1. Pull out the extension gain between His46 and Ile17, defined as 0.36 nm times the separation in residues minus the alpha carbon to alpha carbon distance; nm, one decimal.
2. Which of the peptides 47-56, 31-40 is most tightly packed, and how do the rest follow, going by the mean number of other Cβ atoms within 10 Å of each residue?
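Here, each number is a calculation from the coordinates, and none is a lab measurement. Remember, predicted model here, so these are calculated numbers, not experimental data. Cβ coordinates were reconstructed from backbone atoms using ideal geometry, including for glycine residues, and neighbour counts include every protein chain displayed.
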Amino acid sequence: MVKAVSGRNVQRDRLMILLAYRHGLRVSELTDVRWSDVDFQNARLHVRRLKNGLPTTQPLQGDTLRLVLAHRYRFSPVVQHQPDLGFAAFKPL
């Protein structure tokens, strides 16, 4: 399914699909993920659950972490100055 993604923002879209699938995120939860929710040193993702769910911290698997890092690297000037922007907010420079 992740290999089927094509278009202008392939890397971001693959990341979003993988995060939604692996972490069971609703669309609204997925679009609410911020760079500040990612703990890169411990490979963890903080998820704010909606609909009366409890927030959780979940481990990021190797391939997901590599996609997050690649996406972050692609937008590093923006991420450094605005860490509370979400993944979906970014478009290629």
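1. 8.7 nm
2. 31-40, 47-56
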